[in-house]
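*Asks:* Have a look at the structure that comes next, please.
No lab work stands behind these numbers, since they all come straight from the coordinates. Here the structure is a predicted model, which is why all the values come from computation and not from measurement. Heads up, the Cβs are rebuilt from the backbone with ideal geometry, glycines too, and the neighbour counts pull from every protein chain shown.
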């Protein structure tokens, strides 16, 4: 990793205050006490329980992640039917849509980590080992968070010290030579035991059902919390991840010849893996002024590096698979990307009364700066001749591969030429305020407003001399919500919010694109409590309508075409649907998780597509956005000869969806099933087995185009053992 130590000035800074305190306790159906929540308060979240929030938030906690055998973020997000997989850049990043809307399909999706914007960058797909829980925050959140994806945000809560001594070690062995080791250990130190230390890490090596594909990765995530006083804590977290993953564009599809074999790797093993590295830091200092007022501030800094070359399937008139159904033609690209991302924030939260009216207030400010350097070199053969004769082609120039009998390494690696060489700096400052007002014992309203000012410097290093264009803009984003509590277990809500997302790049005149804008309205119902004496749980139902504008499309105006291939912020789309999420548990040991979403996401105007220029028609569906998607999991605690255990099963259904924007190419629907079982051999030892895709369904999770389709894995088993100490 290229450690840019001159930027480590931030390690001497510790800003911000979080609050220790208490929560809302209940026993049976009786509320014991309602006091201000100050314990481990996270950014942008004040003193509210879920029934008081005018939004359909979904929490995937550590127990559910463990029950589902989740090892990575993609599998975690599959548990939410509101989230759909998007183009994952050859397996090198996490990309998803929420309620049918994704951000920039050419960049990783934005992710929050403990409230910090941390999804930008090219650090590879995220492992789940250091994650305590995953929150799916549906609807635009720009009135508080600032930059965010149009359909919703994903917030990851990391594992932090809990001021106890102990931990666990886990070893996993699975199909395709998977070997994975994990450790999670924590302890206390200091004369007053006021220092909490937690060390989390993993290492993994694995082959794949994809021929020749091998993966190596490791991560280390230590954290330290110091209780400076009864009112003040300071926390530091490190994120260090390294991955070596081949660039794998998946399979190709032809209407005449169907999909290429799912086990055939379409790249070249000799190209080597893509090396990705992450070095991240987060600081938070927590303090409370009183029982009702607190101040939180923090600093995050994250570097990512992405380097390597890859052979990738060609498109259209350069793709030989469309001609004979067996020969795949490829081109070659080399990438060297670097990013660094700095985020600072400070937030005041508390409550006061005005007469008989209670106000719960959040007021804060944040600053973020994102810098990226992108060098891309490319070798690409020409179009076919008029006769399309494969035998007349030079195999070396086309990097041809027989998908049914692949012979790798038969062509020399091409020498790529210039394609992209640019530097980009985006920074912004925001100020936000939110007030949740109790008008009566049952009726609350939420008012929020955020102001952002941001600037972009874009430097084209291919021009002579290098040319830098600087642009700036400012935005105001409001939110409004109403919550009515029917009783302690039921509430209904309605909300309206606006959002925005800065967009990288510039138009043909060198001007920054306008931000991607979102308007969202939502109506919902929530239940949380006891269903019977034996069953308790939660249910939420939401109806939503989201409009999006300033989507990047191809600029086909004559003056733009004269300058080359450029985009314009002229696209519009809409998403409407319904979501149902439920979780139940019984005293007899049954647990049920259910998530279903109907999402109708479509373009609402006509434009040429930004990447290929194909005509998008009004009413076309958005890419990788299934209308119906569902997930269900059920588990049961059992006893085997006096040993406690658990068995369970789950299923995922994903409807058919467009696999290439503006083209008549659809990925087929699929249903996959999984089963698992676990036995506690002693107080310290447990063993577990997971079997995914039990019925060996052949399925495809996402695509970018018909020659870049990610296949799902065949039946996969994993055996793991855990030792607690």
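*Asks:* Based only on Cα atoms, what Rg/Rh ratio does the stretch 494-612 have, Rh being taken as Kirkwood's radius?
*Replies:* Numbers: Rg = 21.6 Å, Rh = 17.5 Å.
That ratio is 1.23, to two decimals.
*Asks:* Give the relative contact order (percent, whole number) for the stretch 11-724; include only Cα pairs under 8 Å separated by 6+ residues. Each step should come with its number before you reach the end.
*Replies:* Details: 2100 pairs, mean separation 84.6, N = 714.
Across the stretch 11-724, relative contact order equals 12 percent.
*Asks:* Now a separate question. For the stretch 159-283, just the Cα set please: Rg and Dmax, both in angstrom.
*Replies:* Here Rg and the maximum Cα pair distance are 20.9, 73 Å.
*Asks:* Next up: For the stretch 398-549, what is the per residue volume of the convex hull drawn over the alpha-carbon atoms, in cubic angstrom? Please list the in-between numbers first.
*Replies:* Working: hull volume 36.6 nm³, N = 152.
Enclosed volume per residue, from the Cα hull, is 241 Å³.
*Asks:* Now a separate question. What are the extents of the Cα atoms of the chain along their three principal axes, listed from largest to smallest and rounded to whole Å?
*Replies:* That works out to 82, 66, 50 Å along the principal axes.
*Asks:* Ranking request for peptides 130-140, 187-197, 323-333: highest mean number of other beta-carbon atoms within 10 Å first, then the rest in descending order. Don't jump to the answer; show the numbers that get you there.
*Replies:* Details: 130-140: 23.4, 187-197: 14.2, 323-333: 19.9.
For the peptides 130-140, 187-197, 323-333, the packing ranking is 130-140, 323-333, 187-197.
*Asks:* What is the distance, in nm, between label points placed 7 Å from the Cα along the Cα-to-Cβ direction at residue 697 and at residue 255?
*Replies:* 2.7
*Asks:* Would you calculate a helix-derived [θ] at 222 nm for the chain, using -39,500 (n - 2.57) for each DSSP H run of n ≥ 4 and dividing by the full residue count, to the nearest 500?
*Replies:* Details: 6 runs with 27 residues, N = 725.
When only DSSP H runs of four or more count, the value is -500 deg cm²/dmol.
*Asks:* Please give the FRET efficiency for residue 408 paired with residue 459, using the beta carbon to beta carbon distance and R0 = 35 Å, rounded to the nearest 0.05. All intermediate terms of the calculation are to be shown ahead of the outcome.
*Replies:* On the way: r = 38 Å, r/R0 = 1.09.
After rounding, the FRET efficiency stands at 0.35.
*Asks:* Peptides 94-101, 635-642: what's the order by average Cβ count within 10 Å, highest mean first? Mind showing how you got there, number by number?
*Replies:* Numbers: 94-101: 26.9, 635-642: 12.4.
By packing density, highest mean first, the sequence is 94-101, 635-642.
*Asks:* Moving on. Ranking request for peptides 390-402, 574-586: highest mean number of other beta-carbon atoms within 10 Å first, then the rest in descending order.
*Replies:* Details: 390-402: 15.6, 574-586: 19.0.
Order by mean packing, descending: 574-586, 390-402.
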